[in-house]
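Read the structure below first, then the notes.
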Amino acid sequence: MLSSDELLALMRDVEAEDPIDYADLPCDEEALRSLVCTQVCEISEQAQILDASARERVLLAVAAKLVLENMVLNLRLLKSEDRPECSAEWFARWRGKT
């Protein structure tokens with residue numbers, strides 16, 4: 001099983017290709033990364049009691065929920081910036097139809 005440090009290293013590699021804009025958040029970026037990796041590894045560890053198929057379904061469901069939550073937060077941000085026209089563009093980009 002992947003350790004949280006190994007996951008953190010992989011996440012940094014992925015983020016190097018697609019950086020996250022932490023902007024002016026009052027949080028330490030590295031602490032946020034570490035917290036997320038620890039939580040994801042805990043979920044993965046808890047899923048180890050399941051058979052491989054069920055474990056895959058659980059982890060995919062967790063990933064899908066996180067992507068959806070991210071999408072909703074991005075759409076709320078666009079709306080708060082009074083940019084409703086960007087919502088349709090953003091959704092099309094996510095669907096790969098840009």
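FYI, it's all coordinate maths here, none of it is from the lab. Keep in mind it's a predicted model, so treat the numbers as computed, not measured.
The list (i) 33, 32, 23; (ii) 67, 40, 14; (iii) 46, 32, 22 gives values of Cα extents along the principal axes in Å, and only one came from this structure; which label was calculated from it?
Correct label is (iii).
First obtain the Kirkwood hydrodynamic radius of the range 1-49 from its Cα pairs, then insert it into the Stokes-Einstein equation at 37 °C and 0.692 mPa s, and state the resulting D in µm² per second as a whole number.
Answer from the Stokes-Einstein relation: 280 µm²/s.
For the chain, what does the helix formula give at 222 nm: sum of -39500 (n - 2.57) over DSSP H segments with n ≥ 4, over the residue count, nearest 500 deg cm²/dmol?
-25000 deg cm²/dmol
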